[in-house]
1. Somewhere in the range 23-44, is a residue in a helix (DSSP H, G or I) and farther than 20 Å from ASP297 by Cα?
2. Which of the residues spanning the range 268-313 are in a strand (DSSP E or B), within 21 Å of ALA11 (Cβ to Cβ) and open to solvent by 10 Å² or more (accessible area, probe 1.4 Å)?
3. Being open to solvent by 20 Å² or more (accessible area, probe 1.4 Å), farther than 28 Å from ARG262 by Cβ and of a type outside the set (Gly, Ala, Ser) is true for just one of GLN143, GLN175. Which residue is that?
4. Anything in the range 49-95 that is surrounded by fewer than 17 Cβ atoms within 10 Å (Cβ to Cβ), part of a loop (DSSP other than H, G, I, E, B) and not aliphatic (A, V, I, L, M)? List them, or say none.
5. Restricting the search to the range 316-334, which residues are modelled with pLDDT of 95 or more, surrounded by fewer than 23 Cβ atoms within 10 Å (Cβ to Cβ) and charged (D, E, K, R)?
6. Look through VAL296, VAL258 and report the one residue that is closer than 21 Å to ARG39 by Cα and touching a residue at least 24 places away in the same chain (Cβ under 8 Å).
Amino acid sequence: MIEQVADLGFAPAAEMVAAGRIPGATLGVVARDGARAVRWAGLARREPSPEPLTRAHWFDLASVSKVLATTRHVLRLADAGRIDLDRPLTDAIPDLRQYDVAGAAERRITFRDCLVHRTFLPAVEPIYTYGDDPARLRAFVLQRQWRHGPPVYSDINFILLGIALERLTGAGLDQLPLGSDGLGWSPPPGPAVATERCTWRGRVIQGEVHDENCFALGGRTGHAGLFGTVDGVLDAALSLLDGSGDSPAALAAMRTPVNGVRTHGWEVRHPDWSGGQACSAGTIGHTGFTGTGLWVDHARGLAWTLLTNRVHPTRHGDGVIFTLRPAVGEAVVGAWDAG
């Protein structure tokens with residue numbers, strides 16, 4: 001059955017690859033009983049010379065890093081009593097806005113605020129334009145008086161969580177366990193899919209992180225920097241489905257909405273979301289800017305990951321990924337239900 005789900009689910013992606021609208025795509029599907037199937041097509045790289053995509057290629061997971069690494073590590077520390085999610089980040093980062101201890105709003109932001117994206121922090125900031133020393137840029141992030149705005153999905157939230165994790169554990173993010181040999185921080189240990197022809201770095205990015213801020217901050221941050229093979233992502237998905245990778249409290253936190261459709265790290269199904277509407281209401285998912293995504297339907301005992309290099313050679317394409325993701329989700333779930 002799982003093979004047919006993969007065949008039918010991959011059809012929309014295969015069509016987009018054949019039409020040349022994305023260079024390559026991989027779909028992985030896994031059931032709670034461990035059965036999995038993978039399909040792929042197209043190129044890992046178009047420029048400067050073609051490279052066929054394989055099952056073994058590593059993808060830059062971009063913001064999927066937020067849920068497969070940062071969120072899980074933070075919740076594990078909460079399980080261990082190392083942090084209280086409703087306490088401010090200053091419990092881990094006492095030097096956050098240290099020159100305005102009494103008045104800085106940043107000093108009142110909590111771990112949970114960042115996990116569910118309910119801070120006043122901006123969605124993104126071109127941190128990489130302020131210098132090229134990772135330590136200095138981290139200090140800049142901590143001491144900057146951030147402009148205020150309504151709560152939005154924010155990379156800054158997870159950059160701060162990544163710094164907090166490093167302070168609490170005394171280790172870099174790349175030293176914390178990920179639960180699969182198919183997940184790792186850049187550079188990956190095998191063939192990697194190309195992303196953008198970066199105007200800032202002056203080259204096609206392959207085997208190094210695409211996100212400019214993550215690259216400037218050292219390549220491993222709370223919001224980006226994780227790479228994965230399709231099987232590595234499916235390993236993580238299976239651990240979420242069977243409950244083997246996280247405590248019941250952490251799993252509940254990742255599945256329960258706190259801020260609108262947002263859970264701790266993830267989001268649940270909502271109108272026009274990336275996973276399509278055929279999945280169960282409590283399905284959780286997350287996407288990455290490079291063209292990646294993971295969706296976990298606990299009610300069905302089914303998860304799928306769509307991994308593409310849609311930003312290669314440029315992010316300024318036709319936006320096909322935004323219709324492709326839900327189309328794949330609809331096809332996967334429809335095939336599962338029909339099976």
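1. Looking for residues that are in a helix (DSSP H, G or I) and farther than 20 Å from ASP297 by Cα, one finds none in the range 23-44, hence no.
2. Across the range 268-313, the qualifying residue is only THR287.
3. Numbers: GLN143 fails: farther than 28 Å from ARG262 by Cβ.
From the options GLN143, GLN175, the qualifying one is GLN175.
4. SER49, PRO50, THR54, ARG55, GLY81, ARG82, ASP84, ASP86, ARG87, PRO94, ASP95
5. GLU330
6. Testing whether each residue is closer than 21 Å to ARG39 by Cα and touching a residue at least 24 places away in the same chain (Cβ under 8 Å) leaves just VAL296.
Residues are listed down the side, and each one gets a yes or a no for (1) of a type in the set (Phe, Trp, Tyr); (2) open to solvent by 60 Å² or more (accessible area, probe 1.4 Å); (3) at pLDDT below 95; (4) under 28 Å from ILE83 (Cβ atoms):
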position	(1), (2), (3), (4)
ARG138	no, no, no, yes
TYR153	yes, yes, no, yes
PRO187	no, yes, yes, no
ARG201	no, no, no, no
GLN206	no, yes, no, no
CYS214	no, no, no, yes
HIS223	no, no, no, yes
GLY228	no, no, no, yes
VAL233	no, no, no, yes
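This table checks each residue for (1) over 25 Å from ARG255 (Cα atoms); (2) over 19 Å from the mean Cα position of the chain (by Cα); (3) in contact (Cβ under 8 Å) with a residue 40 or more places away in the chain; (4) surrounded by fewer than 19 Cβ atoms within 10 Å (Cβ to Cβ).
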residue: MET1; (1), (2), (3), (4): yes, yes, yes, yes
residue: ILE22; (1), (2), (3), (4): yes, yes, yes, no
residue: ALA25; (1), (2), (3), (4): yes, no, yes, no
residue: GLU47; (1), (2), (3), (4): yes, yes, yes, yes
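The values are calculated or read from the model by the stated rules, or taken from the named source; none is laboratory data. What you are looking at is a predicted structure, and each value in this text was computed from that prediction instead of being measured. Cβ coordinates were reconstructed from backbone atoms using ideal geometry, including for glycine residues, and neighbour counts include every protein chain displayed. Keep in mind that these areas ignore ligands, DNA and RNA; they rest on the heavy atoms of the full protein, side chains included. Shrake-Rupley method; radii C 1.70, N 1.55, O 1.52, S 1.80 Å.
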